[in-house]
Amino acid sequence: MIIRDQSALLAPIERDLRLDLFRGIGLWMIFLDHIPHDVVAWLTLRNYGFSDAAEFFVFISGYLVGWIYGPIIAGGWFLAALKRLWRRAAEMYVAHIMLFLLFTAQIARTARRFDNPMYEHEFNVFNFLSHPDELIGQAILLKYKPVNLDVLPLYITLVVASPFMVWCLVRRPNLTLAASVVLYVLSRWFDWNIASYPPGTKWYFNPFCWQLMFVFAAWCGIGQIDKIAKWAWSRTTMALAAAWLVFALLIVMTWHIHALEALIPKWMIKLIYPIDKTDLDMLRFTHFLALAIWVTHFISRKWRRLHAIWLRPVILCGQHSLPIFCLGVFLSFSAHWILTQYTKGVWEQLAVSIAGIVIMVGAAWLLGRAERVPNLFVKVTEVEEPEMAAESSASAATATVAPASR
């Protein structure tokens, strides 16, 4: 017999603005990284370490799932959590399909208007424009994805599986995390991935590998990280994390300054390369963890500056991550189109980058204002049977007449 705890559904959850802040930063980084050869993109994380905004989003999503739905599932409300999470996955799926159609139309229109087929090949929509009947079906199955649309299918897959992940984490957290590690190792060893389109290709983000980041984040979200806090934030661990961040910075600098590449021993180059994003290379995973250790050390949940007005724009974007992500995809292509068709000067790159971020902030502000507008609804009740309705009317009439007859 399942014992359900009503308080699990009613318990208030305090919003952690740090998650919104870093999710907003991740959205800005994705927008800038999607603009080829943009000077402002030098501000993003991928230029200074192994990990980038993708790790931000997967970790934050997994942490939120464990933090919010862990107590609900522990209280016996698995089906309620499954219903809500699958509804969220359905929303992301619809958003992905709509984004795919609109994004493809945007590229096709630009390519034809300016008679420049480069856009069709650069963003992997040439095959779709040639065979739309076949590729629409492939897109619905999440097999065919234009460039920059690879990440949403990963989120959809992880969110669909998340109720079962959290159910296992609530009951056997360490065993579930160990099983996630085993799946990660096996998927890399046997090259497990989901088939994509065209035939012979696979998903850019391998869900069998990226689930490790998601499960580990959910493991932290249900409170397991608190049990090892004294080791996770010990001086030794933080020193190792700092050393790893410095090492990653030096390696990444060799990608930009080729003269430094000669300083890296050949045995080390063979050991660390390739740093695979598709299968979530351990260098990327550990780099993100090292960064997270130091960031959480300096920025606590009660950090006063989280309520500062100058951080409000990025937090607003993080609070509306799905629509802002979709908007950012359109804006990044628009910025790329402007710089390609007209000029690629530094000032123009600064202008389109700042304009895109301002538009994203404005859209997030409008979405925030819209949430404050009350929702209007009509309560619909079942129609009563005629006999019961007559009895109810008679009772109501008696109740109305009785006081007057006194």
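The values are calculated or read from the model by the stated rules, or taken from the named source; none is laboratory data. Predicted model, so just to flag it, every value in this text is computed and none were measured. Methodologically, a virtual Cβ is constructed for each residue, glycine included, from the backbone with ideal geometry; neighbour enumeration extends over all protein chains shown. Ligands, DNA and RNA are excluded from the accessible area calculation, which covers all protein heavy atoms including side chains. Shrake-Rupley method; radii C 1.70, N 1.55, O 1.52, S 1.80 Å.
Quick notes
- Every test in (1) open to solvent by less than 20 Å² (accessible area, probe 1.4 Å); (2) assigned to a helix (DSSP H, G or I); (3) touching a Phe, Trp or Tyr at 6+ places or on another chain (Cβ under 7 Å) is passed by E120 save one, and that test is (1).
- Out of F59, F126, F31, F103, sole residue that is surrounded by 15 or more Cβ atoms within 10 Å (Cβ to Cβ) and farther than 21 Å from S332 by Cα: F59
- For the condition in contact with a Lys or Arg (Cβ under 9 Å, 6 or more places away or on another chain), farther than 25 Å from L149 by Cβ and open to solvent by less than 70 Å² (accessible area, probe 1.4 Å), T278 does not qualify.
- Screening the candidates A41, A108, A89 for the property of being within 27 Å of R15 (Cα to Cα) and in contact with a helix residue (DSSP H, G or I) (Cβ under 9 Å, 6 or more places away or on another chain) yields one hit, A89.
- Of all residues in segment 188-208, none satisfies the criterion of being at positive phi and surrounded by 12 or more Cβ atoms within 10 Å (Cβ to Cβ).
- Scanning segment 129-159 for residues that are open to solvent by 60 Å² or more (accessible area, probe 1.4 Å) and aliphatic (A, V, I, L, M), we see that the one that is nearest to Q224 (Cα to Cα) is L141.
- Residue in segment 167-187 that is loosely packed, with under 13 Cβ neighbours inside 10 Å, free of Cβ contacts under 8 Å to residues at least 60 places away in the same chain, basic (K, R) and not in a helix (DSSP H, G or I) present: yes
- For segment 341-353, a tally of residues being open to solvent by 20 Å² or more (accessible area, probe 1.4 Å) and touching a residue at least 40 places away in the same chain (Cβ under 8 Å) returns 5.
- The lone exception for A292 - which of (1) open to solvent by 80 Å² or more (accessible area, probe 1.4 Å); (2) of a type in the set (G, A, S); (3) under 16 Å from F57 (Cα atoms) it fails: (1)
- Count of residues meeting criterion [open to solvent by 30 Å² or more (accessible area, probe 1.4 Å) and either on the phi > 0 side of the Ramachandran plot or part of a helix (DSSP H, G or I) (or both)] in segment 231-246: 11
- When E91 is tested against the conditions (1) closer than 27 Å to F285 by Cβ; (2) under 20 Å from the mean Cα position of the chain (by Cα), the lone failure is (1).
- Looking across segment 69-100, the residues that are within 30 Å of D33 (Cβ to Cβ), aliphatic (A, V, I, L, M) and surrounded by fewer than 16 Cβ atoms within 10 Å (Cβ to Cβ) come down to A90, V94, I97, M98.
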